[in-house]
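Accompanying notes for the structure given below.
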Amino acid sequence: ELHCVGATTLDEYRQYIEKDAALERRFQKVYVAEPTVEDTIAILRGLKERYELHHHVQITDPAIVAAATLSHRYISDRMLPDKAIDLIDEAGASLRMQMDSKPEALD
């Protein structure tokens, strides 16, 4: 017996799972609403240390709030918290690349 948890969008569920009756009856649907910006901020605060260690950067609380707020406002093709998490991850990677590529000062 295998227990499995998966996540998909409603459109993908309809496209890939719902059409196959045998496959569909093996799943139980659980609808999860998109978290609020405030919930996303809490999620990001919980992930903060992991991304700081991974990228060797410091992530400030205002950066977390900005990632949640601005990704909600300007990224319309994705859902929270994924788009805010990706924004933090990409910003950390970009900052680390900038830090690593700076030449040392010459005497």
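All of the numbers you see were taken from the coordinates with simple rules; none came from a lab. Bear in mind the structure is a predicted one, so any value in this text is a computation, not a measurement. FYI the Cβ positions are ideal-geometry reconstructions off the backbone, even for glycines, and counts take in every protein chain you see.
Listed values, structure above:
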quantity	calculated
Loop-located chymotrypsin sites (Phe, Trp or Tyr not before Pro) in region 1-68, at most 13 other Cβ atoms within 10 Å (DSSP)	PHE27, TYR31
Cross-link partners of LYS83 among lysines (Cα-Cα below 16 Å; sequence separation of 8 or more within a chain)	LYS48
Unit charges on C-beta of K, R, D, E only; dipole of region 1-83, Debye	40
